[in-house]
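Structure first, commentary second.
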2 protein chains.
Amino acid sequence: MRQKIYSVIIAGGRGTRFWPLSRSRKPKQLLKLFGPKTLLRETADRVLSLGGSDQTLIVTVAEQLNAVRKELSGLPRKNFLAEPEGKNTAPCIGLAALEVFARDPDSVMIILPADHWVSDVPAFRRTLKTAAELAVRHDRLVTIGIQPTYPETGYGYIVKGEPLAGAETADAYQVKRFKEKPDAKTARRLLRNGSLWNAGIFAWKASTLLALMERYQPAIHNSLVKIANATGGKSLATPAPTLSSVIAREYKKVPSISIDHAILEPAGSEGRVLTVPGEFGWSDVGSWAAVHQMSGRDPDGNASNGRWLALGSKDCLIHAPDRLVVLLGMRDAFIVDTPDALLVGDLKRSQEVRDLVGELKKRGYDSYTIDGFRSRG
Amino acid sequence: MRQKIYSVIIAGGRGTRFWPLSRSRKPKQLLKLFGPKTLLRETADRVLSLGGSDQTLIVTVAEQLNAVRKELSGLPRKNFLAEPEGKNTAPCIGLAALEVFARDPDSVMIILPADHWVSDVPAFRRTLKTAAELAVRHDRLVTIGIQPTYPETGYGYIVKGEPLAGAETADAYQVKRFKEKPDAKTARRLLRNGSLWNAGIFAWKASTLLALMERYQPAIHNSLVKIANATGGKSLATPAPTLSSVIAREYKKVPSISIDHAILEPAGSEGRVLTVPGEFGWSDVGSWAAVHQMSGRDPDGNASNGRWLALGSKDCLIHAPDRLVVLLGMRDAFIVDTPDALLVGDLKRSQEVRDLVGELKKRGYDSYTIDGFRSRG
């Protein structure tokens, strides 16, 4: 493929589901949930071989820019784009498309969330390459569809249509439609009919995306044009005195909308979206229960990242890098130890950690949700 | 009663059941399990009104002497007796009897473990006074018998005999016999026949105890005589150059035996022991489960000594003075937070904490059982 591949890592998440480890200044992508590297760093390392560090871009929000840049200090400074504020994924990906297009109007971009987990990295890279090739050859939006292993109700689904004619290298399908987080019954039906999980991993030419943005989201496209004009059609890293104020002004105007709603769904109903099934061991790491599932565990199902001892305990997760943790007779528990706060919970309820953060604020424990976190580097 | 009452607090315990809070240099009696005061301090405060600080003696072991003295700095320095090594309770109480006898050969002593919990302090004091009066009037050994509330198998029982003729002030009984920790079936039978828990709280004249020591434990008595000779029959606090070496030498020889086995059981079978039933809310605080039971709890049964938040959690105990602890969906759990180690366990298994300490040593975590504990004062 002669087109350049740009990997675009979306790193703007805010962490509430991993409290007390995550705080507002320490979102999920900056956590070390599976070893010595942050999720962001693992994501970058996974795709670095696709286009090299020059073609690995990061989009984050202004308040995380310094931390993200520091974490990925091996990447060129100009490869970090900062949104002035979070407006969901459509404006963010539009901004990235502008940058990729400015660098090479012919190139293809792969969109990746910064905070996922992948076990089979070679298979992951093969799938991304296939998706990029199809995106170029067919001028389509290509989604990676994860082969589901159970009827998860927390994910969106991709309903497959016809197999793509002439897809020699791998199986690929038209996307019939997208189905947002289904109820349990619908999830089971989707599993039976061969639907795939929408992992938020996409490939498309920058030009394709910008054209469809104009078609389906003229307001966002209009703002993107104004931003592009402020750079003179060059890289967003080009010194341009008014650029940041133009971006800030346009971001105030653009709607907060996901790329799925904004582009993929309408494009899907017009037959412009393909999906490539991927089987590479994937999780969006949505809760401590997912961390437990994806971690190496002892024969009793216990996982820990520090010094520990468990007696009569099964299927527990310990996140406590700095202290000895001893469990006695615990089942399905998770323990998250930070310098100022300790969470002990039932893994089956780890989705509720998000609610905890609200509850803490209500009880006057705001400081524990925002600040006070001393990083251990 | 013209006889002086000496309160003798036995403070030689070693803490393993309260790991990680208790360490070998921080035994149970020096823990703050129920509030701002250590169990030792609470014990001393409970009995101080009986004879004043001059008549409150502490027997501890040499390695704890400084910590115990510091904790009870209001007591005269000469009221702290240190055993060179722990030899169970009979030699310890013998030594205390020697001291009490030297100060006043007519006086009565009340023996109290340093690490118990009592809720109704006025009733407790009334019971002790009654016991002391009976001990003097009848020249007997008097045990406090706790009215049992359930068939506990971890305590010893006192089987009552005939009511004491002429006990006007309170009910008191001959002791028929003692029954060590019974099996469950026996415990239920003991409960039905009106037996009492042996709380290890006793009253007797020092002279009575020393005479019975000579009768039943001539070896210990012989050692006590040698120690008394080294002081010239004066207080153990009297400066005597060879005293500590004599005590050390005699302690090497004396058998390690409990006061129950050594004196109370043989004396009981000769009709020399009485019991006074006591109902003052008592626990020997044998485990974290007991701490939970004796602590103030919220309507969900949760108890904590620090900042905390519990969502969907019931009947949990949090001991974490220094950090925010959040529980999510926990039941019957206990959390003990110390600077270097964290224990999370099932309250129903808190008896096994003792085994944990052995397991820690086996796994090379010795340092967590001995040292490394930074006191928070």
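Taking first residues from the stretch A:237-248 that are aliphatic (A, V, I, L, M) and partners that are assigned to a helix (DSSP H, G or I) and open to solvent by 30 Å² or more (accessible area, probe 1.4 Å), the Cβ contacts under 7 Å between residues at least 6 apart in sequence or on separate chains come to A:ALA237/A:LYS78; A:VAL246/A:LYS226.
This table checks each residue for (1) assigned to a helix (DSSP H, G or I); (2) at pLDDT 95 or above; (3) closer than 22 Å to A:PHE124 by Cβ; (4) open to solvent by less than 20 Å² (accessible area, probe 1.4 Å).
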{"position": "A:THR169", "(1), (2), (3), (4)": "no, no, yes, no"}
{"position": "A:LYS181", "(1), (2), (3), (4)": "no, no, no, no"}
{"position": "A:LYS185", "(1), (2), (3), (4)": "yes, yes, no, no"}
{"position": "A:ARG188", "(1), (2), (3), (4)": "yes, yes, no, no"}
{"position": "A:TRP197", "(1), (2), (3), (4)": "no, yes, yes, yes"}
{"position": "A:ALA203", "(1), (2), (3), (4)": "no, yes, yes, yes"}
{"position": "A:THR208", "(1), (2), (3), (4)": "yes, yes, no, yes"}
{"position": "A:MET213", "(1), (2), (3), (4)": "yes, yes, no, yes"}
{"position": "A:ILE220", "(1), (2), (3), (4)": "yes, yes, no, yes"}
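Looking at the stretch B:45-70 only, could you name the residues that are free of Cβ contacts under 8 Å to residues at least 12 places away in the same chain and either surrounded by 20 or more Cβ atoms within 10 Å (Cβ to Cβ) or outside any helix (DSSP H, G or I) (or both)? Scanning the stretch B:45-70 gives a single hit, B:GLY52. Among the residues of the stretch A:1-16, those that are open to solvent by 10 Å² or more (accessible area, probe 1.4 Å) and hydrophobic (A, V, I, L, M, F, W, C) comprise A:MET1, A:ILE5, A:ILE10. Starting from the stretch B:181-207, keep only residues that are over 20 Å from B:VAL47 (Cβ atoms), then list their pairs with residues that are of a type in the set (Asp, Glu) and open to solvent by 20 Å² or more (accessible area, probe 1.4 Å) whose Cβ atoms are within a distance under 8 Å, requiring at least 6 positions of separation or different chains. Close Cβ pairs (under 8 Å, with a partner that is of a type in the set (Asp, Glu) and open to solvent by 20 Å² or more (accessible area, probe 1.4 Å)) amount to B:ALA187/B:GLU152; B:SER207/B:ASP106.
Under the condition of being out of contact with any Asp or Glu (no Cβ under 6 Å at 6 or more places or on another chain), closer than 16 Å to A:THR89 by Cα and surrounded by 14 or more Cβ atoms within 10 Å (Cβ to Cβ), the residues counted in the stretch A:247-260 number 8. Applying the condition of being more than 20 Å from the chain's Cα centre (by Cα) and surrounded by fewer than 22 Cβ atoms within 10 Å (Cβ to Cβ) to the stretch B:121-148 and asking which residue is nearest to B:SER107 (Cα to Cα) yields B:VAL136. Among the residues of the stretch A:250-260, just one is of a type in the set (Ser, Thr, Tyr) and outside any loop (DSSP other than H, G, I, E, B), namely A:TYR251.
Would you call A:GLU42 modelled with pLDDT under 95 and either within 27 Å of A:GLU265 (Cβ to Cβ) or out of contact with any helix residue (DSSP H, G or I) (no Cβ under 6 Å at 6 or more places or on another chain) (or both)? Against the criterion (modelled with pLDDT under 95 and either within 27 Å of A:GLU265 (Cβ to Cβ) or out of contact with any helix residue (DSSP H, G or I) (no Cβ under 6 Å at 6 or more places or on another chain) (or both)), A:GLU42 does not qualify. The condition of being open to solvent by 10 Å² or more (accessible area, probe 1.4 Å), closer than 30 Å to A:LEU243 by Cα and touching a helix residue (DSSP H, G or I) at 6+ places or on another chain (Cβ under 9 Å) holds for only one of A:ALA90, A:ALA82, A:ALA97, that being A:ALA82. Looking only at the stretch B:71-97, residues that are touching a strand residue (DSSP E or B) at 6+ places or on another chain (Cβ under 7 Å) and free of Cβ contacts under 8 Å to residues at least 24 places away in the same chain come to 2 in all. Against the conditions (1) more than 10 Å from every other protein chain (Cβ to nearest Cβ); (2) more than 25 Å from the chain's Cα centre (by Cα), B:HIS319 satisfies every one except (2). Yes or no: A:GLU42 within 18 Å of the chain's Cα centre (by Cα), open to solvent by 20 Å² or more (accessible area, probe 1.4 Å), among the acidic types (Asp, Glu) and under 22 Å from A:TRP282 (Cα atoms)? Yes, satisfied.
Which of the residues that make up the stretch B:261-300 are assigned to a loop (DSSP other than H, G, I, E, B) and crowded, with 17+ Cβ neighbours inside 10 Å? First the steps, then the outcome.
Step one: of the stretch B:261-300, the residues assigned to a loop (DSSP other than H, G, I, E, B) are B:270-272, B:279-281, B:284-287, B:295-300.
Listed by number, the residues that qualify are B:ARG272, B:PHE280, B:ASP284, B:VAL285, B:GLY286, B:SER287, B:SER295.
Taking the criterion of being crowded, with 23+ Cβ neighbours inside 10 Å, of a type in the set (Phe, Trp, Tyr) and part of a strand (DSSP E or B), would at least one residue in the stretch A:17-25 satisfy it? Scanning the stretch A:17-25 turns up no residue that is crowded, with 23+ Cβ neighbours inside 10 Å, of a type in the set (Phe, Trp, Tyr) and part of a strand (DSSP E or B).
I'd like to check something: does the stretch B:228-243 contain any residue that is in contact with an Asp or Glu (Cβ under 8 Å, 6 or more places away or on another chain), outside any strand (DSSP E or B), open to solvent by less than 20 Å² (accessible area, probe 1.4 Å) and more than 10 Å from every other protein chain (Cβ to nearest Cβ)? The answer is no, given that none of the residues of the stretch B:228-243 is in contact with an Asp or Glu (Cβ under 8 Å, 6 or more places away or on another chain), outside any strand (DSSP E or B), open to solvent by less than 20 Å² (accessible area, probe 1.4 Å) and more than 10 Å from every other protein chain (Cβ to nearest Cβ). Filtering the stretch A:5-36 down to residues that are touching an Asp or Glu at 6+ places or on another chain (Cβ under 7 Å) and over 21 Å from A:TYR365 (Cα atoms), which residue is modelled with the lowest pLDDT? Checking each candidate, the answer is A:GLY13. Taken over the stretch A:323-370, the criterion of being in a loop (DSSP other than H, G, I, E, B) and more than 9 Å from every other protein chain (Cβ to nearest Cβ) is satisfied by A:ASP332, A:GLY364, A:ASP366. Annotation: B:ALA230 fulfils all but one of (1) under 25 Å from B:GLY13 (Cβ atoms); (2) touching a Leu at 6+ places or on another chain (Cβ under 6 Å); the unmet one is (1).
Among the residues of the stretch A:306-318, those identified as crowded, with 20+ Cβ neighbours inside 10 Å and either in contact with a Gly (Cβ under 8 Å, 6 or more places away or on another chain) or without any contact (Cβ under 8 Å) to a residue 12 or more places away in the chain (or both) are A:SER313, A:CYS316, A:ILE318.
The values are calculated or read from the model by the stated rules, or taken from the named source; none is laboratory data. What you see is a predicted model, and the numbers here were worked out from it, not measured in a lab. As a convention, Cβ positions derive from the backbone with ideal geometry for all residues, glycine included, and neighbour counts pool all protein chains shown. Protein only, heavy atoms only, side chains kept; ligands, DNA and RNA dropped before computing areas. Shrake-Rupley method; radii C 1.70, N 1.55, O 1.52, S 1.80 Å.
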